[in-house]
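**Q** Sharing a structure here in structure tokens format.
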Amino acid sequence: MRVLISSFFHNVRFYRSLRFRIFLIVLFVGFIPALTMRFIMIRGYETRAMNQKISEVTNQSSIVAAHLARTDYFSDTSDSIINDELIQMSNLYDGRILVINDDFLIIKDTYGKSQGKYIVSSEVISCMNGSRNMSSTDEENRYLEITVPIVDEATGNVCGALVASASTDGIHDNKDVLSRRSRVVQVILTILVVFIALALSSTLLRPFDKVIKAVDSVKEGFDPGVDSIEVPDYTETRDIMDAFHHLMSRMAEVDASREEFVANVSHELKTPLASMKVLSDSLIQGGDAVDAETYREFMQDIAAEVDRENKIINNLLSLVKMGGGNEDGIELKLQELSPILQQLIKTLTPLAEQSEVELLYEEKMPVEAEVDETKLSLAIMNLMENAIKYNKKGGWVKVTLDSDVQFAVITVSDSGMGIPEESINKIYDRFYRVDKSHSREIGGTGLGLAITRNAILLHRGAIKASSIVGEGTTFTVRIPLRKDI
Ligand code: ADP
């Protein structure tokens, strides 16, 4: 059953709507006080009227009881003045009067029915014993009963009791009228509250409709710099629209950077193709006149361009693989870092010798860290390659391994040409080169540092470069020793 009910509410969309909830809240807030007020009012009237009636009947009964004590009614019940007084009083309250003597014998009943009978009700007994006034009400039969002691003034003894019952019809009739009238008021109030709830729930939420409309109206060509949709009605709607603009700006940025990337990729890929085209065209045009030596030379140049094209494509693939900071593809393993760095030194020694650059390695302390060997090797290899490539004859490249409490610290320093200060933050951008032609000449693709940075970010590490033009550059890489740090 519960499942059925909850599935019903889950499926009914209006139940989840804020508009419906506001409607309900306003309805309850308006309806419950009206209902309580009605209840309190009627109850208040009834209690007050009842108390008033009780005190009135009690007073009257006490007066008559005093009168009875003075006239010695117990020995002679034929006293017409007293009897008239009793009849009058019972008529006044539309009730009945009983006079009881100290033997619990009813010596007078204004109805005449119970005269001569004994009465042993608890009220009469406690009234006789404690000489207290007693009162009780009977809601169902709509009457109240007052029992007062009849006290002999001379001796102070209780010599009997007077029981007066009075109809409460008047009070109940008034209560019914009051209840009917207040019900009418309540129905009117409820209708009013429903209207107010409907009006409030729809007007309060109108700005949110505007937000939905505004967001819906956004077409493909939304330009966050130029187009602007404002819903300033509430702080919340303004915040939503601000967040929306922010999102659109981010998307525009991503779009622009993707377009720029595609443009750069096309340009980079076209350059080697253009060279190959020129080289092959000149061979074709030269025909038989081209000697074997020139042929070989041109073909070598074409092969170099093919290598270059290959390198760009491979770099792009590594970049795409590591892009977006997706850590799923990373395989971390706790391992010594020194062997990895030493292997890199070994691999790059021929290149360093060819460039007449000295390669140095210093392990300040053995360091074990959780790393993906392939990706870290690629990152540090790019740094070392750059340090050799952008160096001078007779220069040096030094790689150090160290660690502090939480991080492995690898530095790659060189005695090369350095990086100008204004470029230091841009060198990680894809295809950025400080000196385009020089970089191309020495086989750069402009992607190396972008790959390096991505690989290090995948390790949740950081990279920083400091450089003095003409003196050299130092790249510092910090990698957390454990992934969870
Ligand atoms: P490239 O393939 O052109 O080397 P990178 O992304 O590896 O591309 O480097 C970007 C640019 O940063 C390089 O073109 C070069 O101008 C500069 N650079 C990188 N490392 C060094 C270095 N050690 N010394 C001087 N300049 C460097």
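Each reported figure results from applying straightforward, stated rules to the coordinates on display, with no laboratory input. Just so we're clear, the structure is a prediction, and the values are computed from it rather than from any experiment. So basically every Cβ, Gly included, is an ideal-geometry build from the backbone, and we count neighbours across all protein chains shown.
**Q** Enumerate the calculated ³J(HN,Hα) couplings along the range 457-468 in order (Karplus 6.51 cos²θ - 1.76 cosθ + 1.60, θ = phi - 60°), each rounded to whole Hz, writing x wherever the residue is Gly or Pro.
**A** In residue order, the calculated couplings are 5, 4, 8, 6, x, 9, 10, 9, 10, 10, 8, 10 Hz.
**Q** Still on this structure, please answer the following. What does the extension gain come out to for Lys113 and Ala243, with contour length at 0.36 nm per residue minus their alpha carbon separation? Working shown, then result.
**A** Values: separation 130, 0.36 × 130 = 46.80 nm, distance 8.91 nm.
Stretched fully, the Lys113-Ala243 segment lengthens by 37.9 nm.
**Q** Could you run the Karplus curve 6.51 cos²θ - 1.76 cosθ + 1.60 with θ = phi - 60° over the range 16-21 and give me ³J(HN,Hα) per residue in whole Hz, x for Gly and Pro?
**A** 8, 7, 5, 4, 5, 5
**Q** Follow-up question, since we're still on this one. Compute the distribution of all C-alpha to C-alpha distances in the chain, in bins of 10 Å from 0, and list the percent of pairs in each, rounded to whole numbers.
**A** Pair shares across the bins are 3, 12, 12, 10, 8, 8, 7, 6, 5, 6, 7, 7, 5, 3, 1, 1, 0.
**Q** Then there is this: Just need the relative contact order of the chain here, percent rounded to a whole number, with Cα pairs under 8 Å and 6+ apart.
**A** Details: 644 pairs, mean separation 47.4, N = 485.
Relative contact order for the chain comes out at 10 percent.
**Q** Continuing with this model, one more query. Would you kindly state how much longer the chain becomes between Thr349 and Lys392 on full extension, computed as 0.36 nm times their sequence separation minus their alpha carbon distance, in nm to one decimal? Mind dumping the intermediate values first?
**A** Working: separation 43, 0.36 × 43 = 15.48 nm, distance 1.56 nm.
Extra length from Thr349 to Lys392 when fully extended: 13.9 nm.
**Q** Still on this model: Just to confirm the number: angle between the C-alpha axis of helix 235-286 and the first principal axis of the chain, 0 to 90 degrees, nearest 10?
**A** Value to nearest ten degrees: 20.
**Q** Hey, what angle do you get for helix 338-354 against the long axis of the chain, alpha-carbon based, 0 to 90 degrees rounded to 10?
**A** 30 degrees
**Q** Sum -39500 (n - 2.57) across every DSSP H segment of at least 4 residues in the chain, then divide by the residue count to get the 222 nm mean residue ellipticity, nearest 500. Before the final figure, lay out each step's value.
**A** Details: 13 runs with 271 residues, N = 485.
My calculation for the chain gives -19500 deg cm²/dmol from helical runs alone.
**Q** Turning to a different aspect of this structure: Return the percentage of antiparallel bridges among DSSP beta bridges fully within the chain, rounded to the nearest 5 %.
**A** Of all bridge pairs located within the chain, approximately 90 percent are antiparallel.
**Q** In addition: Could you go through the range 78-91 in sequence order and give the Karplus-derived ³J(HN,Hα) for each residue, using 6.51 cos²θ - 1.76 cosθ + 1.60 with θ = phi - 60°, rounded to whole Hz, and x for Gly and Pro?
**A** Once rounded to whole Hz, the list reads 8, 4, 5, 5, 5, 4, 4, 4, 5, 4, 4, 5, 5, 5.
**Q** Per residue and in cubic angstrom, what volume does the convex hull of the Cα atoms of the range 359-473 have?
**A** Working: hull volume 12.4 nm³, N = 115.
With only Cα atoms used, the range 359-473 gives 108 Å³ per residue.
**Q** Cα convex hull of the range 397-443: how many Å³ per residue? Before the final figure, lay out the partial values.
**A** Working: hull volume 5.9 nm³, N = 47.
Per-residue hull volume (Cα only) is 126 Å³.
**Q** Still on this structure, I have one more. With charges set only on the Cβ (+1 for Lys and Arg, -1 for Asp and Glu), what does the dipole of the chain come to about its Cα centre, in debye to the nearest 20? Intermediate results must be reported in sequence, preceding the final value.
**A** Values: 52 positive and 69 negative charges, 179 e Å.
Dipole of the chain, to the nearest 20 debye: 860 debye.
**Q** Okay, moving on. Taking 0.36 nm per intervening residue step and subtracting the Cα-Cα distance, what contour gain separates Phe20 from Asp307 on full extension? It would help to have the intermediate numbers written out before the result.
**A** Numbers: separation 287, 0.36 × 287 = 103.32 nm, distance 6.75 nm.
Residue separation times 0.36 nm, minus the Cα-Cα distance, leaves 96.6 nm.
**Q** Rounded to two decimals, what is the ratio between the C-alpha radius of gyration of the range 235-321 and 2.2 N^0.38 Å?
**A** Numbers: Rg = 23.1 Å, N = 87, 2.2 N^0.38 = 12.0 Å.
Dividing the Cα Rg of the range 235-321 by 2.2 N^0.38 Å gives 1.93.
**Q** Oh, and also: Could you give the alpha-carbon Rg of the range 308-399 over 2.2 N^0.38 Å, rounded to two decimals? Before the final figure, lay out each step's value.
**A** Details: Rg = 14.9 Å, N = 92, 2.2 N^0.38 = 12.3 Å.
The value comes to 1.21.
**Q** Sort the following peptides by mean Cβ neighbour count (other Cβ atoms within 10 Å, averaged over residues), highest first: 169-175, 316-322, 77-83.
**A** Taking the mean over residues of other Cβ atoms within 10 Å, the ranking is 316-322, 169-175, 77-83.
**Q** Another question, then. Order these peptides, 341-353, 448-460, by their mean beta-carbon neighbour count within 10 angstrom, highest first.
**A** Values: 341-353: 15.5, 448-460: 22.3.
Listed from highest to lowest mean packing, they are 448-460, 341-353.
**Q** For the range 69-169, what does the equivalent ellipsoid look like in terms of its semi-axes, each the square root of 5 times an eigenvalue of the Cα gyration tensor, given largest first in whole Å? Before the final figure, lay out the partial values.
**A** Working: eigenvalues 85, 57, 28 Å².
For the range 69-169, the ellipsoid semi-axes come out as 21, 17, 12 Å.
**Q** Using the Cα atoms of the range 287-440 to build a convex hull, what is its mean projected area in square nanometres?
**A** Numbers: hull surface 49.9 nm².
If you wrap the Cα atoms of the range 287-440 in a convex hull and average its projections, you get 12.5 nm².
**Q** Here is a further query. Under 5 Å between amide H atoms, partner at least 5 residues away or on a different chain: which partners does Gly95 have, H built in plane at 1.01 Å?
**A** Amide H to amide H, under 5 Å and 5 or more residues apart or across chains, Gly95 pairs with Ser167.
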